Amino acid sequence: MRREHHPTRTTLSRRRFMSAAASMAGGTLLWPRQVATDQAELRIPLGMPRSRVVQVQSPNAVLGPEVHRPLLGEMLQKALMSLTATRAIDQAWRSILKPEDVIGLKFNRSGQKIIATTRVLADVLIGSIVEAGWRPEQIVCIEAPQGTEARNRTTPARHGYASTMTSFKSGTDQFASVLDQITALIDIPFLKTHNIAGLTCALKNLSHGLVKHPARYHQNGCSPHIADIVAATPIRSRLRLCLVDALRVVYDGGPEATAATVSDEGILLASFDPVATDTVGLAILNEIRQRYELGPLFHSGVDLGYLGAAHRRGLGAALWHGIDLVRLES
């Protein structure tokens, strides 16, 4: 539960979401002035469907680091069934994954100890996939807490990096060897502020978690490097789902987590579009920051232009009118 002197938790309302959207579109709330012009130039291709992002929230999902496991399972089912427009969780998984897939689950190691939700989410997610018909040995956990593989009998992730270099628009690097081990990738980031990129969520969990030299790609607010790396074939060809662990959110001082900057939110986000996922995540972060009487991320002076770059690379929608946000309670 949030400490008494903190504001009460609220869901991102339609009014406040649209207010944030309007401000973002004008480059006044979240975007530095130097990228506001680029943001205005973004377009949604004619006939392109809106990217669905499903937000499931429960005020009872977490109590500090304690996670309500059955409720989290219910939230996962609601999110995936809504995202895929199916009536059962096994149908949802069959629309996302192929029977022969080797499935990589990409978690985020940074902040795991303080946020403390990954262990339960990993078990619930693996259990859901297995119950839907996949074998544990078809699942590979990447950056999961110690003991996850033993508990769930999943296949260990291959260590190291490819011997060959992969070129992308803004660089060349060796991608993680585990990408050659898997055929499908499920991205499971935390939602956190980031002292260089502005926020770290779906896109950065992939770009800077699956190359050998991530430190090379932090200049200019990580733009366009985040977009270029995720757009590269080793990642883009495998990415099937973004499932954001926003059960507890690092709303300030990220990417590292401290007890004083983690807020219990009880949110899961699910989408096929990592750009739309990060765009909604950004609005949620600013909603939280407002409750804690902090300025929006724009006032940190961090360049968030990587979202626009990702939009231009065709990775998804960074424009609000290209996003269909579905909010559910559990």
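Every number in this text was worked out from the coordinates using simple rules, so none of it is lab data. The structure displayed is predicted, hence computed values, not measured ones. No Cβ is skipped: glycine too gets one built from the backbone with ideal geometry, and neighbour counts run over all protein chains shown.
For the chain, the longest stretch holding no trypsin sites (Lys or Arg not before Pro) located in a DSSP loop with at most 11 other Cβ atoms within 10 Å is which? Could you put the intermediate results ahead of the total?
Details: sites that count: ARG3, ARG43, ARG87.
Longest stretch, sites excluded: 88-330.
At 222 nm, what value in deg cm²/dmol follows for the chain if DSSP H runs of at least 4 each add -39500 (n - 2.57) and the sum is divided by all its residues, to the nearest 500? Intermediate results must be reported in sequence, preceding the final value.
Working: 13 runs with 114 residues, N = 330.
Roughly -9500 deg cm²/dmol at 222 nm, from the helical runs in the chain.
So for the range 65-205, what percent of the C-alpha to C-alpha distances run longer than 23 Å?
Values: 3914 of 9870 pairs.
Tail fraction, whole percent: 40.
Would you kindly state how much longer the chain becomes between GLU137 and LEU328 on full extension, computed as 0.36 nm times their sequence separation minus their alpha carbon distance, in nm to one decimal? Write down the numbers at each step before the final one.
Working: separation 191, 0.36 × 191 = 68.76 nm, distance 3.24 nm.
Net length gain for the segment: 65.5 nm.
When the Cα atoms of the chain are enclosed in a convex hull and the volume is divided per residue, what value in Å³ results? All intermediate terms of the calculation are to be shown ahead of the outcome.
Numbers: hull volume 40.6 nm³, N = 330.
Spread over its residues, the Cα hull of the chain gives 123 Å³ apiece.
Under the rule that an exposed site lies in a DSSP loop and has at most 14 other Cβ atoms within 10 Å, name the longest stretch of the chain with no GluC sites (Glu not before Pro) of that kind, not counting the sites themselves. Mind showing how you got there, number by number?
Details: sites that count: GLU4, GLU100, GLU256, GLU293.
Longest site-free region, per DSSP loop and neighbour criteria: 101-255.
Which residues' amide hydrogens lie under 5 Å from the amide hydrogen of SER51, considering only partners 5 or more residues apart or on another chain, with H built in the peptide plane?
Here ILE323, ASP324 satisfy the definition.
Sum up the charges of everything whose Cβ sits under 12 Å from the Cβ of SER207, counting Lys and Arg as +1 and Asp and Glu as -1, but leave SER207 out. Let's see the in-between values first.
Details: positive: LYS106, LYS204, ARG216, ARG236, ARG313; negative: ASP173, ASP187, ASP228, ASP278.
Summing Lys and Arg as +1 and Asp and Glu as -1 gives +1.
In bins 5 Å wide, starting from 0, what share of all Cα pairs of the range 188-313 does each bin hold, as a percent?
Percent of Cα pairs in each bin: 2, 11, 23, 25, 20, 12, 5, 1, 0.
Enumerate the aspartates and glutamates that LYS169 could reach by cross-link, defined here as Cα to Cα under 14 Å, with residues fewer than 8 away along the same chain left out.
ASP228
So, in nm, how far is label MET48 from label LYS98 when the simple model puts each one 7 Å beyond its Cα toward the Cβ?
My value for the distance between the label points is 2.6 nm.
Considering amide H positions built from the backbone, and no H for Pro or chain starts, which residues 5 or more places from PHE175, or on another chain, come under 5 Å of its amide H?
Long-range HN contacts for PHE175: ALA162, THR166.
Quick one: which residues, 5 or more positions from GLY104 or on another chain, have an amide H under 5 Å from its amide H? H modelled 1.01 Å from N in the peptide plane, none for Pro or chain starts.
VAL140, THR183, ALA184, LEU185, ILE186
Any lysines with Cα under 19 Å of the LYS113 Cα? List them, leaving off those in the same chain fewer than 8 positions away.
Within reach: LYS192.
I'd like the Karplus ³J(HN,Hα) series for the range 273-280: coefficients 6.51, -1.76, 1.60, θ = phi - 60°, whole numbers in Hz, and an x wherever there's a Gly or Pro.
So the Karplus estimates, Gly and Pro as x, are 10, x, 6, 4, 4, 5, 5, 5 Hz.
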